[in-house]
1. What ranking, highest mean first, results for peptides 89-95, 78-84 when packing means the other Cβ atoms within 10 Å averaged over each residue?
2. If you place +1 on the Cβ of every Lys and Arg, -1 on the Cβ of every Asp and Glu, and leave all else neutral, what size is the dipole of segment 65-196 about its Cα centre, to the nearest 20 Debye?
3. Could you rank the peptides 136-142, 168-174 by their average count of other C-beta atoms within 10 Å per residue, with the highest value first?
4. Say R0 is 30 Å: what FRET efficiency, to the nearest 0.05, do His122 and Ala170 get from their beta-carbon distance?
5. Based on the alpha carbons, how large is the Rg to Rh ratio for segment 65-196 when Rh follows Kirkwood?
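Read-outs: derived from the displayed coordinates by stated rules, not from any lab. Remember, predicted model here, so these are calculated numbers, not experimental data. Neighbour counts run over all protein chains shown; Cβ positions are idealised from the backbone, glycine included.
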Amino acid sequence: MSQTGRWVPCLLACSIVGVPVTIAARELDAVISAAYGYARLSQSLDRVSQARVAPIRKPPPGRFEPEIRRAALRNGVSPELLLAIVEVESNFNPGAVSRKGALGLGQVMPATAMDVGIRPEHLWHPETNAEAAARYLRWLGKRYQWRVDPMLIGYNAGPAAADGLQPVPAETRRYVANVRKAYLRRKTDTSHGIYGDPLKRTQWTSYQP
């Protein structure tokens, strides 16, 4: 197609999707060359327009979902539960740091990372952090017979609180409730285990430490 012929659909698409027609010709030419049909062209122009906006600092929720799911499945824990934990702990921000020094997606403490065989300096890597969180969740699951409430109390406040050796902080009780809500939002098909989770051993039970 000639250069003139290429400009006709470009200007039409620009007027429809709201992209300024003053975009450099070389950028438009590259977009058009990669587009097949009007729908593809419209999507490509949208990407060009969005590329001019300053990137957000915090990654959007769900960005690391594949890595989190893989870590959960490697360790035999509920992917939906681990995703809910990460959502509440860091909102999927791999650079999150708590006041107590917990790091990354799963807000894993350096000492906890070492306990599960992860070097603390590697917690900044999203997939390694998800692996550390999944390993710790597996350990808690075995300790509490896969009862989710004590698992979450242990994850947030430590096993001593889950064992009843010290009071469960009000913050931790809110944390458990928030993770439960996040988990329920991920409900898919109850015929495949609890809330769409194929790992049926995970149990929501009334628990008072």
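1. Descending mean neighbour count gives 78-84, 89-95.
2. Magnitude of the dipole: close to 280 debye.
3. 136-142, 168-174
4. With R0 = 30 Å, the Cβ-Cβ based efficiency is 0.35.
5. Answer for segment 65-196: 0.94.
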